[in-house]
Amino acid sequence: MKNKLFLQLFVVFLFALSANAQDIILWEKVSHNTEKPKKGINSTSFNHFYVAWGVNTAFLNNETSVKVPASNDYTFGYRQIFRLNNNLAFGFKGQLVKSRFSVTQNADKNVHDSVLHKKEIFLINHVDASLYLRINFDRHRGAYMGHFLDIGAWGGYNFMRQRMIEDITVDKSKTRIWHKGVGYIEKYQYGAYAAIGLNRFLFYARYRVSDLFDPCKKFSQLPALTFGLEVGLHK
Amino acid sequence: MKSVKLLLFFVIIFSCSVKSQTHWVVFTDKIGVDFDPFEYFDSKAIERRVNIGYDLYHISDFPVNESYILTVANCCDSISYCSRWMNAVSVWTDEHSLNRIAAFDFVQEIIPIEHGFVLCGKEIADAKIDTSILTNQLLVMQGDFFKEAGIDGRGVRIAVFDGGFPYVDTHPAFEHIRKDGRILKTWDFVKNKEFVYGYNSHGAMVLSCIAGIYNGQPMGLATGAEFLLARTEKNTEPFSEEVNWVAALEWADKNGVDIVNSSLGYTYHRYFPNEMDGKTSYVSIMANKAASKGILVVNAAGNDGDSQWTIIGAPADADSVLSVGGISPHTDYHISFSSVGPTADYRKKPNVVAFGQAIVAGKQDLTSAYGTSFASPLVAGFAACAKQVLPQKNAVELKEIIEKSGNLYPYFDYAHGYGVPQASYILNPEKEEIPTFSVIRDDDSWLFKINSNIKFDEESAKKTKHENYLYMAYVTDKGVVCQWGIIHVKTKSFPIIIDNGCEGTQTLQLHYRGYTLNINVGANDEK
């Protein structure tokens, strides 16, 4: 109510001045920043969007070898942080991930079949949710993200599962075949997550604990580990 | 096997993140410590203490107990500095050793030290130098009055704390200082050595705004002052700046400094806005301590005016610090990036303003630079001249006099403070205030009217802005300015709609051409 009245009075004030050809060249109100904010960096709660890019790389012996960095993840997400104290916070994040695995074509290949192609790519788009704990290493910090470690778990639904193979025919033309809704790729995946960060930048690692291929198929699993850089879209 | 690798992976990430940190270890007492001020202090430091009646054997000047230092040194990785004023040592160590140190009965407290200073200025590469700014950056403070009176800060000792002073040893703008041997001492607190003529050029630019002379034209007002140059900041090593700042302050005190210019600020990296109360950050606490020893600290308000932070940083929030905001040389009012007040406890800051865009010594020639970093040394030069005129004044008195010399005084707002300091007031404090306008109440409206004794031409007033600014500030009964602004006056009289929209507003403060009028506009009881 008060703000509305103030606005009305201020508009009248402006009109009165302009009618007399006086210019208001500066008008400022006292900042309310002198109170500790409840929302914002290192405040009770903080949220922001982020983008990330990471590479999928074979980590375990029984995993399918993939090409790096052609095997990668593009991520767009939203992160919420709840502050417990200066050094501890917990949060959740939701993200949309576009995963790409470019399978190395060699004699060890054991994905789908052992036939070698010019290119064999699995495209898996998924939505994930994560819960994580944030440990901050800056003992005394203000409205500042600082140095931190995130540890958490995640789970996701693979809403798009595709396989693409590319070959060169006898007449040297390129052919591409798309397999959509590939049944032997699991619908769900889950795993662990860790990141070290400084301000808006995080080096993250996601580890998929679950199988991505149906275990009954006896295929070598696609790489479980993703390393990458996340950039927070905040001040 | 899979789980072992997973565990290993998390352990590696975690161990990469754990590190030692720098802390102040504050001791309880200085029992059994000897101190001879005549051996420790420069004669000028003794003279300053005697002038203000400060105890030569004050406990804060005694050295830190050697046995305490040795005991702590045995428990930590390294000790970087011992502060007499804080009765503390800064140590680099891990959590485990800190717990051992905290258990000693002579340890009062342990304070973590984090990084996060910001130099309050930047050089803008500008091929076309506006020489009128160079002239006006001193004229706006009536520098010509000091010049005519032969005042140039002679005999006043100024310390400059910054990130480096390259080309101060070669640039022609500093030739007169070098020739007279007026750079008395230098110290690099980052590398612990004497050489400071390298690294970040910010310090050289700042020094030129205090005392530079280029092609015979002064760039600052204290061209005759003596200097102590301290390199306290290094961008790439972010854990030591506040320690260095405190160390440099004690070093400057020992070497007889009168005025310290510090064009840096600590803000969101370390603090929340509500902590900008002059009592929380220890650089602010130390700056106040310096004032008690007769040293005036002149500090840039900061360049966060148009960022999320907005308000002044530390140590500009300290009560005894002369905090300097910036105005534009083109408009003569608040330059948008200059941080504004009030402090978290609603004290009046910044205190005064100067040009937030200045012509400074560049690597080759001159360059244009933006930031309150350059407003601060312009005022530091002014303060040195004031100190030369009024040598008996202590730091707090000098700060008050400089505030009173502001061209807007007693008008105050959180962007302009008391305005730009004026040399005429320092030379002759008996200022006659001539009413330049009146405000007449007519039923519900108020009429602003320029007095007939004031020369006012409506045609030229439309073009000339600077001298036709009407400053307005609504002040609550608690002394808080709740809103303020500037109106360009173009006609001899016009109605003002009084908006007492702030809770408890009682006074509308108006300032026009050197005259300030307070109008009681009543209280607004609406909650």
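Please treat every number below as a calculation from the coordinates, not as lab data. As the structure is a computational prediction, the values presented were derived from the model and not from experiment. So basically every Cβ, Gly included, is an ideal-geometry build from the backbone, and we count neighbours across all protein chains shown.
Dividing the helix sum by the residues of chain B, where each DSSP H run of 4 or more adds -39500 (n - 2.57), gives a mean residue ellipticity at 222 nm of -7500 deg cm²/dmol. Straight Cα distances below 18 angstrom link residue A:98 to the lysines A:67, A:180, A:187, with same-chain residues fewer than 8 positions distant left out. When both bridge partners sit in the protein assembly as shown, DSSP labels roughly 85% of those beta bridges antiparallel. Full extension of the chain between residue A:88 and residue A:137 gives 16.7 nm of extra length, using 0.36 nm per residue less the Cα-Cα distance.
Roughly how far apart, in whole Å, are the Cα centres of region B:319-338 and region A:98-166? When both Cα centres are located, 50 Å separates them.
For residue B:294, the residues 5 or more places off, or on other chains, whose built amide H falls under 5 Å of its own are B:395. With the convex hull of its Cα atoms as the shape, the protein assembly as shown has an orientation-averaged projected area of 43.2 nm².
Fully extending the segment from residue B:492 to residue B:518, taken as 0.36 nm per residue of separation minus the present Cα-Cα distance, adds 7.4 nm. Taking each pair of different alpha-carbon atoms in region B:437-520 once, compute 1/r for the pair, average those values, and report the inverse of that mean as the Kirkwood hydrodynamic radius in Å to one decimal. Final number for the Kirkwood radius of region B:437-520 is 13.5 Å.
Working note: Debye formula, equal point scatterers on the alpha-carbon atoms of chain A, no solvent; log10 I(q)/I(0) at q = 0.10, 0.14 Å⁻¹ is -0.61, -0.91. Restriction of the GluC sites (Glu not before Pro) in region B:149-258 to DSSP coil positions whose beta-carbon has at most 11 other beta-carbons within 10 angstrom yields B:194. Pop the C-beta distance of residue B:28 and residue B:345 into the FRET formula with R0 = 30 Å and round what comes out to the nearest 0.05. Taking R0 as 30 Å, the efficiency between residue B:28 and residue B:345 is 0.55. Show log10 I(q)/I(0) for region B:19-113 at q = 0.12, 0.16, 0.21 Å⁻¹, two decimals, from a solvent-free Debye sum over equal Cα scatterers. These q points yield log10 I(q)/I(0) values of -0.43, -0.67, -0.95.
Once the C-beta distance of residue B:169 and residue A:61 is scaled by a Förster radius of 51 Å, the resulting FRET efficiency is 0.25 to the nearest 0.05.
The Rg/Rh ratio of region B:118-427, with both radii computed over alpha carbons and Rh defined as the Kirkwood radius, is 0.92. Of the chymotrypsin sites (Phe, Trp or Tyr not before Pro) found in region B:351-413, none is in coil by DSSP with at most 10 other Cβ atoms within 10 Å of its Cβ. Of the beta bridges in region B:118-427, as assigned by DSSP with both residues counted there, near 40 percent are antiparallel.
Restricting region B:38-111 to chymotrypsin sites (Phe, Trp or Tyr not before Pro) that sit in a DSSP loop and have at most 11 other Cβ atoms within 10 Å of their own Cβ leaves B:57. Taking N as the residue count of region B:381-505, its C-alpha radius of gyration divided by 2.2 N^0.38 Å amounts to 1.26.
Based on the alpha carbons, how large is the Rg to Rh ratio for region B:197-348 when Rh follows Kirkwood? With Rg and the Kirkwood Rh in hand, the quotient comes to 0.96.
Rounded to the nearest whole Hz, the Karplus-based 3J(HN,Hα) values (6.51 cos²θ - 1.76 cosθ + 1.60, θ = phi - 60°) of region B:424-439 follow the sequence 4, 5, 5, 7, 8, x, 6, 8, 8, 9, 9, x, 9, 7, 9, 10, with x at glycine and proline. Look at the alpha carbon pairs under 8 Å that are at least 6 residues apart: their mean separation over the length of chain B gives a relative contact order of 13 percent. Computed about the Cα centre, the dipole magnitude for the protein assembly as shown is approximately 2840 debye when only Lys and Arg (+1) and Asp and Glu (-1) carry charge, each at its Cβ. Taking the inverse of the mean 1/r over every pair of distinct Cα atoms in chain B gives a Kirkwood hydrodynamic radius of 24.5 Å. Computed across region B:247-312, the Kirkwood hydrodynamic radius from all distinct Cα-Cα pairs reaches 12.8 Å.
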